[in-house]
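The values are calculated or read from the model by the stated rules, or taken from the named source; none is laboratory data. Bear in mind the structure is a predicted one, so any value in this text is a computation, not a measurement. Methodologically, a virtual Cβ is constructed for each residue, glycine included, from the backbone with ideal geometry; neighbour enumeration extends over all protein chains shown.
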């Protein structure tokens, strides 16, 4: 893995983790699904517009279209939609930790659904991740966390797992930026009927909402997604996913600094254990180095 790939991975992890804090600010002042549908509409139009200017066209293979639709629905409409709704009552740091378990769920799905073998290090990583989540959830439940919000985050991370398993099919034939824009427009199209049918557009306009919305639209929304696809194309999905072990650290740290969310001792220990488990799982999935003859 070269320096550029490492820099891209660190930047992606930071962008991805910061989305929970900016989303928490947004849902404090605007209806969650309405805000998210508008964000995807703007990000999608920007992505498609830039792609067209670069000469890319929405001519995708059947496999690309299928993967793009699944990715748009699973990640954007379901995962982010459920997280935006949940963060009306759940702290941004907890939402980030739950979402960070995605690599563990991908490893489990790979074993149960795809028949992929897990090395002992991977099994240990999954068990460690479960222990870390149990420590965090135990502390939060004692503190009176909203269990309905936690459930929404849990369903959301399952949807993110599905989206992750489809990313290779979406980017296998080029047209990268066009695909990024299209999957955001798909997410927007799914969310708008729900937003119009179930939400009242009560918006409290202030500079915090404007800054958080602009940041979420451009950085975690368009920038992080595009960077992730580039990273996967450069070093492969397995190596790229290793950077997810940083997400619990970054997610909790950003929420603590910007939102002043309190952290207890069990939270800190749990984050370290979860991050270690994620790293162990990803390292176990790396191909073994060839032995010298």
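Values for this structure:
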read-out: Hits in the stretch 191-210 (condition: within 29 Å of residue 11 (Cα to Cα) and touching a residue at least 40 places away in the same chain (Cβ under 8 Å)); value: 191, 206, 208, 209
read-out: Single match in 46, 94 (criterion: touching a helix residue (DSSP H, G or I) at 6+ places or on another chain (Cβ under 9 Å) and more than 18 Å from residue 213 (Cβ to Cβ)); value: 94
read-out: All positions within the stretch 9-22 that are modelled with pLDDT of 90 or more and closer than 11 Å to residue 231 by Cα; value: 10, 11, 12
read-out: Residue in the stretch 88-99 that is surrounded by fewer than 22 Cβ atoms within 10 Å (Cβ to Cβ) and without any contact (Cβ under 8 Å) to a residue 60 or more places away in the chain present; value: no
read-out: Lone qualifier among 118, 105 - being closer than 25 Å to residue 15 by Cα, in contact (Cβ under 8 Å) with a residue 12 or more places away in the chain and surrounded by 16 or more Cβ atoms within 10 Å (Cβ to Cβ); value: 105
read-out: Failed item in (1) without any contact (Cβ under 8 Å) to a residue 40 or more places away in the chain; (2) in a helix (DSSP H, G or I); (3) within 21 Å of residue 139 (Cβ to Cβ), with residue 262 passing the rest; value: (2)
read-out: Yes/no for residue 238 being in a helix (DSSP H, G or I), at pLDDT below 85 and farther than 25 Å from residue 82 by Cβ; value: yes
read-out: Criterion: under 30 Å from residue 146 (Cα atoms), assigned to a helix (DSSP H, G or I) and modelled with pLDDT under 90 - qualifying residue of 75, 64; value: 75
read-out: Test for residue 81: is it more than 16 Å from the chain's Cα centre (by Cα), crowded, with 22+ Cβ neighbours inside 10 Å and at pLDDT 85 or above; value: no
